[in-house]
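Okay, so here's the structure we're looking at.
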Amino acid sequence: MLRVHALSCGSLEFDRSLFFPADAPGVRMLIPVSSYLIAHPKGKLLFDTGMHCDALTDPVARLGKRIASVFNLRSHRGEDIVSQLAALGLRPDDIRYVVNSHFHFDHCGCNGSFPRAQFLVQRAELTAARAEPKRYDMKDWDLPLEYRGIDGEHDVFGDGSAVLLPTPGHTPGHQSVWIRAGERQFVLTGDACYTREHLEKAILPTNTYDAAQMTASMDKLRLLRDRQGATLLYGHDPEQWNALPRGESPLI
Ligand SMILES: [Zn+2]
Ligand SMILES: [Zn+2]
């Protein structure tokens, strides 16, 4: 029996034109930062680890001047992955696998809290992070952790219930997760698609590594929705997030 929980890892506020380049600068928007727990009989999988707690108390020290000047953290107490798991009665050591969609600060900031998990990351993302350390923050990911490089699709539990899907473009080795539990299907898109509006209008955000790759990844997500009947759970969609069951109330 599969259970999936959406976990709140805080919020970020910034200029809307970062997400929607056609918009004039000057309008702020607030987005959720999320993590998902997939509880499978063979082990628990966490999709992304959110932001590091120090990013809230000392953003310049943790995130660096540039990122701290663009993003304002609007997180509340308890909106970090370790607290969110604790509210479900879980400790970090209960997590068998951590899947990082990619190595941006709002997706792998608490990787260091999971020293006993195996990290499943696309090899292309590991290679990019090692080759161009300035693209990412080494404090988040470059830790004595067990990283396993994945090449392409990967069926984590061997029964099709959680399949990693490469969705590059936002970063070189971005990946999403396709969850199947009987009739219910979800795709955790990560930053391959920030919001429903991006998908509907085929909008690429300002921060795009490879536009052609990102367009192809969004097309792939759209097909999963339209042909397979999967519900897409977007990376940072405030409207969708506010309507989702979260924390103790499982999605499935
Ligand atoms: Zn990102
Ligand atoms: Zn993100």
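The values are calculated or read from the model by the stated rules, or taken from the named source; none is laboratory data. Every value quoted in this text rests on a predicted model; they were computed, and no experiment measured them. Please note: Cβ atoms are built from the backbone with ideal geometry, for glycine as well, and neighbour counts cover all protein chains shown. Just the protein is used for accessible areas: all its heavy atoms, side chains included, with ligands, DNA and RNA removed. Shrake-Rupley method; radii C 1.70, N 1.55, O 1.52, S 1.80 Å.
Of everything in the range 83-93, what is in contact (Cβ under 8 Å) with a residue 12 or more places away in the chain and either small (Gly, Ala, Ser) or open to solvent by less than 50 Å² (accessible area, probe 1.4 Å) (or both)? Give them in sequence order.
Matches in the range 83-93: Gln84, Leu85, Ala87, Leu88, Leu90, Pro92.
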Whichever residue in the range 122-136 is within 16 Å of ligand 1 (Cβ to nearest atom) and either in a helix (DSSP H, G or I) or at pLDDT 95 or above (or both) and, among such residues, is surrounded by the fewest Cβ atoms within 10 Å (Cβ to Cβ)
Lys134
Could you tell me how many of the residues in the range 83-116 are assigned to a loop (DSSP other than H, G, I, E, B) and under 18 Å from Met51 (Cα atoms)?
11
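Going through Ser217, Ser176 one at a time, which residue ends up being among the polar types (S, T, N, Q), in a strand (DSSP E or B), within 16 Å of ligand 1 (Cβ to nearest atom) and within 21 Å of Val99 (Cβ to Cβ)?
Details: Ser217 fails: in a strand (DSSP E or B).
Exactly one of Ser217, Ser176 is among the polar types (S, T, N, Q), in a strand (DSSP E or B), within 16 Å of ligand 1 (Cβ to nearest atom) and within 21 Å of Val99 (Cβ to Cβ), namely Ser176.
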For the range 94-121, name all the residues that are in contact with a helix residue (DSSP H, G or I) (Cβ under 9 Å, 6 or more places away or on another chain), open to solvent by less than 10 Å² (accessible area, probe 1.4 Å) and away from ligand 1 (no atom under 16 Å from the Cβ).
Ile95, Val98, Phe114, Ala117, Phe119
Mind listing just one residue for me: the one in the range 185-203 that is over 15 Å from the mean Cα position of the chain (by Cα) and outside any helix (DSSP H, G or I) and, of those, farthest from ligand 2 (Cβ to nearest atom)?
Gln185
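For the range 157-180, which positions are open to solvent by 20 Å² or more (accessible area, probe 1.4 Å), away from ligand 2 (no atom under 16 Å from the Cβ) and not charged (D, E, K, R)?
Gly158, Pro166, Trp178
Looking at the range 187-204, which of its residues are of a type in the set (Gly, Ala, Ser) and loosely packed, with under 15 Cβ neighbours inside 10 Å? Give the steps one after another, and end with the answer.
At the first step, the residues of the range 187-204 found to be of a type in the set (Gly, Ala, Ser) are 190, 192, 202.
Answer for the range 187-204, where residues must be of a type in the set (Gly, Ala, Ser) and loosely packed, with under 15 Cβ neighbours inside 10 Å: just Ala202.
With over 15 Å from Ser101 (Cβ atoms), in a loop (DSSP other than H, G, I, E, B), within 16 Å of ligand 1 (Cβ to nearest atom) and touching a helix residue (DSSP H, G or I) at 6+ places or on another chain (Cβ under 9 Å) as the only criterion, which of Thr206, Thr171 stands out? Spell out how you get there, then give the answer.
Numbers: Thr171 fails: over 15 Å from Ser101 (Cβ atoms).
Result of the check over Thr206, Thr171: Thr206.
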Quick one: which of Phe103, Phe114 is under 14 Å from the mean Cα position of the chain (by Cα) and of a type in the set (Phe, Trp, Tyr)?
Phe103
Given (1) at pLDDT below 95; (2) at negative phi, number of the condition Gly182 does not satisfy
(2)
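Can you name the residue in the range 69-82 that is in a helix (DSSP H, G or I) and within 20 Å of Asn111 (Cβ to Cβ) and is also most open to solvent (accessible area, probe 1.4 Å) among such residues? Steps first, answer last, please.
Let us first name the residues in the range 69-82 that are in a helix (DSSP H, G or I), namely 69-70, 81-82.
From what is left, the residues that are within 20 Å of Asn111 (Cβ to Cβ) are 81-82.
On the way: Ile81: 1, Val82: 51 Å².
Applying the filter and picking the extreme gives Val82.
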Of the residues in the range 205-214, those that are surrounded by 16 or more Cβ atoms within 10 Å (Cβ to Cβ) and touching a residue at least 60 places away in the same chain (Cβ under 8 Å) come to Pro205
List pairs: first in the range 215-239 and open to solvent by 60 Å² or more (accessible area, probe 1.4 Å), second hydroxyl-bearing (Ser, Thr, Tyr) and more than 15 Å from ligand 1 (Cβ to nearest atom), Cβ under 9 Å, 6+ apart or cross-chain?
Arg225/Thr231
Among the residues of the range 69-93, count how many are within 16 Å of ligand 1 (Cβ to nearest atom) and under 12 Å from Val33 (Cβ atoms).
2
Select from the range 15-66 the residues that are assigned to a helix (DSSP H, G or I) and closer than 30 Å to Trp178 by Cβ and write down the one among them that is least open to solvent (accessible area, probe 1.4 Å).
Ala55
